[in-house]
1. So what's the range B:162-318 giving for Cα Rg divided by 2.2 N^0.38 Å, two decimals?
2. Roughly what % of DSSP beta bridges within chain B run antiparallel, to the nearest 5?
3. Can you give the mean number of other chain Cβ atoms that lie within 10 Å of the Cβ atoms in peptide B:914-925?
4. For the pair A:A316/B:K459, report the inter-label distance in nm, with labels modelled 7 Å from Cα in the Cβ direction.
5. Given an 8 Å cut-off on Cα distances and at least 6 residues of separation, report the relative contact order of chain B as a percent.
6. With N residues in chain A, what two-decimal value do you get for its Cα radius of gyration over 2.2 N^0.38 Å?
7. Could you tell me what a quarter of the Cα convex hull surface of the range A:102-156 works out to, in nm² with one decimal place?
8. Pairing the Cα long axis of helix B:46-63 with the longest principal axis of chain B, what angle in degrees results, from 0 to 90 and rounded to the nearest 10?
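Read the figures in this text as sums done on the coordinates, not as results from a lab. Computed from a predicted model, the values in this text were never measured in an experiment. Note: ideal-geometry Cβ built from the backbone for every residue, glycine included; neighbour counts use all protein chains shown.
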Amino acid sequence: MADHQHDDGRPPVLAPGHTYATVTSTISDIVLTRPLDWRWAVGMGIGSSLLLVFGAAVSMLLFKGVGIWGVNAPVMWGWAIINFVWWVGIGHAGTLISAILLLLKQQWRTSINRFAEAMTLFAVACAGMFPLLHMGRPWKFFWMMPYPSTMALLPQWRSPLVWDVFAVSTYATVSALFWYVGLIPDLATLRDRAKNKWVAMIYGSLALGWRGSARHWSRYKSAYMLLAALATPLVVSVHTVVSLDFAASVIPGWHATIFPPYFVAGAIFSGFAMVVTLCVPLRAWYGLKDFITIRHLDNMAKIILATGMIVGYGYAMEFFIAWYSGNPYEEFLLLDARPFGTYSNAYRCMILCNVGIPQLLWVPAIRRNPVLLWIISIFVNIGMWLERYVIVVTSLSQDFLPSSWADYNPTIWDVATFLGTIGLFTFLLFLFVRVLPAIAVAEMRELVHEKHHEHAAAGAAVAEAHGENR
Amino acid sequence: MMKSQNADLDKPLTLTELMRGAAAPEAESTGPRYWRSLSELADDGSFGEMASRAAARAQAAIHGLDEPSRRKFMTLMGASFALAGVAGCGVQPVEKIVPYVEQPELIVPGKPLFFATASSRGGDGVGLLVESHMGRPIKIEGNPSHPTGKGATDVFSQAEILSLYDPDRSQVAVHDGGVDTWERFLRFAVDLRARKLGEKGRGLRILTRSVCSPTVLDQIRRLREQMPEARWHSYEPVNRDAARKGAELALGSPMEASYHLEKADVVVALDADLLGWGPAGLRHARAFADRRDPEAESPLKLYAFEPTPSLTGAAADVRVPVAAADVLLVAAALAKALKVEGAPDLDAKRIEPHAARIAALAAELESKKGKALVAVGDSQPAEVHALGLALNAALGAIGEAVTLAPADELAPADQTASLVELVREIEAGAVDTVLVLGANPVYEAPADLKVAEALRNEKVTALIHLGLYNDETGALAHWHLPEAHFLESWGDVRSADGTVSLQQPLIEPLYQGRTASDVLAALLGQVGVPGRELVREYWKTRLPEENFEASWRQALRDGVVPLPAAEPAPAPPAPKLDKVQWPAPAAPADGEYELVFRPDPTIWDGRYANNGWLQELPKPLTTLTWDNAALVSPALARKLGIEDQQVVTLEFRSSTIKAPVLIAPGQAEGTVTVHLGYGRSRAGRVGNGIGFDAYKLRRADAPWSGPGLKLIPTEGRIPLAITQHHHDTKNREPVKVSTFEAARHHGEGEAHGHHHPDFSLYPDAPYKQSEDYAWGMAIDLNRCIGCGACTIACQAENNIPIVGKDQVLNSREMHWIRVDRYYEGEGAASADNPTTHFQPVPCMHCEKAPCELVCPVEATTHSDEGLNEMTYNRCVGTRYCGNNCPYKVRRFNFLQYTDNETPGLQLLRNPDVTVRMRGVMEKCTYCVQRINEARQNAKVEGRKVGGDEVVTACQAACPTRAIVFGNLLDKESSVSKLQASHRNYALLEELGTKPRTTYLTKLTHGAEAHEEPRHG
């Protein structure tokens, strides 16, 4: 409960002076009155333009084949898998914030969870594109799933790619459910506040008849908790399974037991960085500084710092084990090829972005400076992309037999496809802030209630159970 | 009345009349009543309806015709009436597929037939067996009865099957730029003969490449008898002029030397690419490998002195890079040391660094007299050949390890001189008719002869060109005639050792081609005599008359003509060196280099330029594809500051060309090598405009090398598609090397083999393994010479597509078996002359295959006989298996590589092997189709498949028998025995993948080699 008593001088999780009404109107007006904002128009313009690029890139891909990308004989996975892992990693923060922080009763999560969950969903949607598109014959994608086929064939269960199909689709399903369930009271709020009949009908039907009765609330709370508990292991499992794509192979640089924890930490690292990247402009543009406060940014920066250190530890361990194991292939790859080889630039940039620059977050003033934090988060995003690049490309390009070694270079279509998914992400995100409340209204009202309660109880040395209604 | 009617009937109806008549049948009021069917006769009214319906249908069909000819109309009309006869039926007519009325002998659908034939190149031949499926030749194998290959083939013979189906081959006769016919040419030929007979052949010149067909030689002889003033010139850009001239210098008559490596303990190759040059290379390679067997009494020791790295240099125990001009100095130093009479006293300063080595070699040769030979390459001048003969005589090799055969009397001994003579005569206006049979002098003649200009001489009123392609010469010709491929023709081929094979057609000519023999026959007044008769006619005069038919059939079946034993040739005279004028060794000027020409290792002199398989086959040593390059030594590159792919201007005797540089470890320092055969302008769609034309630098007096090359670096770059970018093994030792001595000790000690513990983390295969068969392969690195025949054989057998230069540049080549090449040696000096190792790498068929575990859809699985199988249909293309393969043998169809459009190429496909589409993985199958064929045969015969019965495509083609395949459960099989050898090791065996393909340690004589096989 010490969290609630910010007499330690930390900024509050909700700016003072807010009532139920101000919270509700500030957040829901963004959706319902839809003030035309040139910044939204520009963002949406960029997002939908890039979405067109995505369409072109995918059409070309389906027409000509995966050979339009830069993948080659030793490096059979390229940008597609890098992007996949990157997007999945980004998709981690949402569920982590929503579920784990909910279970841990971290109050400050309230104003960023909706947004982070939406980001998760969109990131997973982008991620899901790549494993499909990178296949040689994407129209046969359903062979990866168990279905009663006339060939009486099931997927090959020993393949991590099959685990991937399940991990990612489960994650996507649970995240979507969790997000939707959380949205229900807010959809009802929008329904009630809508002035247009059609809008009211749409939100109304999505609100599934929510009336805000005590029974509703009670069931809603337990469902939400259950989903949170369900989602929690998924946060760990998804990226663990993704890491097994690499760890289960024989390739030096992939074949490492440290991969699962190191990938999960990396995913949270990049996920939080992406939340910061998106939050900082959002709170500035939509006047949400009262809800997404410096306290939030500070906390997220701390998580970035912590997970960044874990990632750094992972890098150090890879080095150490390569040397300690005496495995000549790993030794060459990690102690020679990565730091000094063809891709040394990518490797060094990665270390700088993921281990070097986040060290600035030790300084509280930097953590609490939105602009600086935003810049650092961009570095982390780039660094984590480079990490996947280093893992995928360097390991494959120089594995066991030097005769087969070859360099990898992406083509314009690799870039177009990646930019295209960024377009898809941006498009969905801008659509989201326009049609759904970007901050959970009901939870914010709850927060207001709690804050009042706190003030009322302040002075009375009763640490009574206000935590019980969270 | 009747008369007019008859006249009417005689007159053919026009289309309109027919249409009108049929569309509006009017009852005839007068005249006799003709009825067209029984229903009309019965006149139930349905006939008119039927007829009009049929007419309407015909009309509709006619609207779709390009040219509504009456004939087509009648065809359609007839069909319509036939249909109309089936009144009231709306169903499709029954179509009958007629089976063979007379079953062709031996043809069983699905069962291939093999026919013996032979290919020729450069005056030598290789005996072949061609696999034919339902009349389609699809694969070439070596003929085991033929002494040249003993069942093996070189890369060229393998790729001939693609040339046969090449859609860019010349398809029609062309006369003065317009399409014409063979018939009209033959009429022209008859006139020509009549004219030339009158003139006794004056002004008639025939130009061919080296001819080794006895029939054609006989035709030329007869032609010259009939037309004594006609002349025959033959010119082959890669010829044996120097060898014949050298023999003439030393022996007094042009003779051709053959080397018999099997009879030598020590072989010195003086710029002689014994293993890679010409069909004889096959014979040498086999003998070399057999003599390098660790079981052999005294394994052959090979020394090579050469300016540019070759297969022979790579195989040599001691290889010394020397400039081409300095090879003479080496020969002279050896001759002096061996006290050869007449040995020249030349200034040996330039080979000073190698003096000790040469002295040691001379001592070794001295001690091995009678068991040593010196081979001189065709690219060395006549003086070196003369010296080589004297050296061999001093070593007692002549008649033993070196045999001499007299050159053909009729053929020009000096082909270059012969071509020069032709050009001079044309320039003098003495020639009016030039018949170019199968040659392409405009492209392949030395540049200083200006052949194209000469052939344009207006006195030449008939330039007739017969060629597989309408090539650079065809473009100038008045008559261009399509030549038949040898797989479409009757013919005969004599190999250098005297063996004669018959060529028999495997298929009717695809593109109206005819042979040189057919054209000569026309000039001999035998127009229209079939090719078979021409060949038979000749052999009737050669083979014993009483059993000619039997001999002929035997020759066709076996591929070798049963010639009566030839009388032993009289012993050649002892070589004398007194007539030889030794060239003054000139010190190279500063900033000038030596230029060396070589035939291209894969497209030879340019004749295979349009063959995609050969273009994409990595050239041995450089692994370059789709291009030629100027090879420079690492030292020279350092000195000039030039790097790979940088374009340099090569200036040689007033000619300049631009060429990309490729740094070749082992190149002699001041020597630059260029390969012939590229820069074609009329090769075809595949071969046009790639690489640079080295013939532009070639001179008649410097056909193989010359001093005075200037090399000017430019800023340009040309990307070179090489398939192996890393040269060293990074201390991983994929190729294990030991010495013969160590191997012998091992043999005594027994079971000294080094084996990693038989342990793997991977689970066993989920089902029971066969108790009868476990297929495996052993590749003896001690036999492999790195020629690449396995790669091409595999490509032909398994329908492997070519991908093109841009795809090779991105490492997407599709070869199922590749030949890795590693250089060994420490420091910068080793780059100047490294030890070279080759390692063919097919799929290892791991018992614990990493690829199988990671496939999400079970597209790659393990068979109960241990094959790692690819199910193309099931593959979705995640490429995880390719990533997880430690040997990187998996190949992916990144794009639609297989050409499904070109009809000719569809004929080429092996019907037993699935053609792969875009998006699926593929790899070596151990030729599973051949395993299954053997299994079927065994089942029919009620027995088990023999341990050595299945022969994979790579194994069949291998000239040195380095690849052995078979059943590992049969302890008597060759592969079991090899895998039991102490030299046997698995590649990357520490990974626990338990490969079924294993390697046998390479052995050398090297004193510096280690006692124990080195572990990776």
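1. Values: Rg = 22.9 Å, N = 157, 2.2 N^0.38 = 15.0 Å.
For the range B:162-318, the normalised Cα radius of gyration is 1.52.
2. Taking every DSSP beta bridge with both residues in chain B, the antiparallel ones total about 55 percent.
3. Average per residue, whole number: 2.
4. Going by the 7 Å Cα→Cβ label model, 9.1 nm.
5. About 13 percent, as a whole number.
6. In units of the 2.2 N^0.38 Å rule of thumb, it is 1.03.
7. 6.3 nm²
8. In chain B, helix B:46-63 runs at an angle near 40 degrees to the longest axis.
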